[in-house]
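A short worksheet on the structure shown next.
Every read-out reported here was derived from the displayed coordinates using simple, explicitly stated rules and does not represent laboratory data. Since the model is a prediction, treat every value here as computed from it, not as a measurement. Heads up, the Cβs are rebuilt from the backbone with ideal geometry, glycines too, and the neighbour counts pull from every protein chain shown.
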Amino acid sequence: MSLPMSRRSVLRGAVVLGAAAAVSPLLLTGTAQAYPWSRTLKEGSTGADVTELQIRVAGWAADHAAQSRVSIDGEFGPGTAAAVRRFQAAYGLGADAQVGPGTQAALNALEQSDGSTVHFNFSEFTDRDSGTFNGGKVSAATAKENARRCMYKLEALRKKLGNKPITVNSGFRSIAHNAEIGGASDSMHLYGTAADLNVPGVANKTVYQKAETCGFSGLETYNTDHQHVDSRADLGRSWWWENGTV
Ligand code: ZN
């Protein structure tokens, strides 16, 4: 399912909002505030705010193809610092790895009021049968959180592709729906950490190559009609890049 124009800008138009909601029921409401950063974060900082920072810069894990990821562990080490520098450079900020008000504002600008990111909605990641995050291999709350983390990596991917809109064809899947469509029995879609992407006007190989720098630890071959990405290493699994490093 892809539309020629930015799907998000269409969905946000007041005129079609009702129709869109009827097609795709939105069950998801959530926290309605920007993350309350309360201090400048830098190397050596620890805590829940560092964890949130790591989630948000995880898509800036590497400059070049590398099986490298930002550990989501609440400890601001060199890997987090490097990711912050890349994020800062990409968003026109001084790349000093100090996460103060300017960088915090840039991070919050990527967030929507329901906790999703500015270019992605939870409704794009819910199970295509039920419109929920229920029925997978983890709780609905965990699946939704994994989808949120995926969104931040996709924001980085989108930025690296020159702000090309990314369509998510499949995000979270229930066990039942995954079986219906012949998905792998332990598919990362069952955990909410996977997404199948289409980027109109961009070759899948290019999407794959950019995804190699975004901390994704599961990449399906690019010779398909979509590009699968997932973060299985965040779940303690081994890396799987089907094409290797391209
Ligand atoms: Zn997939």
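Computing FRET efficiency as 1/(1 + (r/R0)^6) for residue 205 and residue 95, where r is the C-beta to C-beta distance and R0 is 41 Å, gives about 0.90.
Rounded to the nearest 500, what is the chain's calculated 222 nm mean residue ellipticity when only DSSP H runs of at least 4 contribute -39500 (n - 2.57) each, over all residues?
Numbers: 8 runs with 82 residues, N = 246.
Value at 222 nm, helices only, nearest 500: -10000 deg cm²/dmol.
Karplus-based coupling profile of region 133-147, in residue order and whole Hz: 9, 8, x, x, 9, 9, 4, 4, 5, 5, 4, 5, 5, 4, 5, with θ = phi - 60° in 6.51 cos²θ - 1.76 cosθ + 1.60 and x standing for Gly or Pro. Measuring between alpha carbons in the structure, the pairs from 137/164; 42/164; 42/137; 42/160 lying more than 29 angstrom apart are 137/164; 42/164; 42/137.
To the nearest ten degrees, helix 78-90 and the longest principal axis of the Cα atoms of the chain are 80 degrees apart.
One equal scatterer on each Cα of the chain, no solvent, Debye formula: the resulting log10 I(q)/I(0) at q = 0.08, 0.12, 0.16, 0.17 Å⁻¹ is -0.28, -0.66, -1.22, -1.37. Over the C-alpha trace of region 42-174, radius of gyration and Dmax come out as 15.1, 45 angstrom. Karplus-based coupling profile of region 56-66, in residue order and whole Hz: 7, 10, 4, x, 10, 5, 8, 8, 10, 3, 7, with θ = phi - 60° in 6.51 cos²θ - 1.76 cosθ + 1.60 and x standing for Gly or Pro. For residue 121, no residue whose modelled amide H falls within less than 5 Å of its own remains once neighbours fewer than 5 places apart on the same chain are excluded. Our summary gives region 38-109 a relative contact order of 35 percent, counting only alpha carbon pairs under 8 angstrom and 6 or more residues apart. Each part reduced to its alpha carbon centroid, region 182-223 and region 125-171 end up 11 Å apart. Taking the number of Cβ atoms within 10 Å of each Cβ as an exposure proxy, the fewest-first ranking of 239, 37, 60 is 239, 37, 60. Sequence-ordered 3J(HN,Hα) estimates for region 237-246 from the Karplus curve with 6.51, -1.76 and 1.60 and θ = phi - 60° stand at 8, 6, 5, 8, 10, 4, 8, x, 8, 8 Hz, glycine and proline given as x. What are the lysines whose alpha-carbon lies under 20 Å from the alpha-carbon of residue 144, with same-chain residues fewer than 8 places away excluded? Straight-line reach from residue 144, under 20 Å: 153.
Provide the packing ranking of 195-201, 92-98, i.e. peptides ordered by the mean count of other C-beta atoms within 10 Å per residue, highest first. Working shown, then result.
Details: 195-201: 18.9, 92-98: 15.0.
With the highest mean Cβ count within 10 Å placed first, the list reads 195-201, 92-98.
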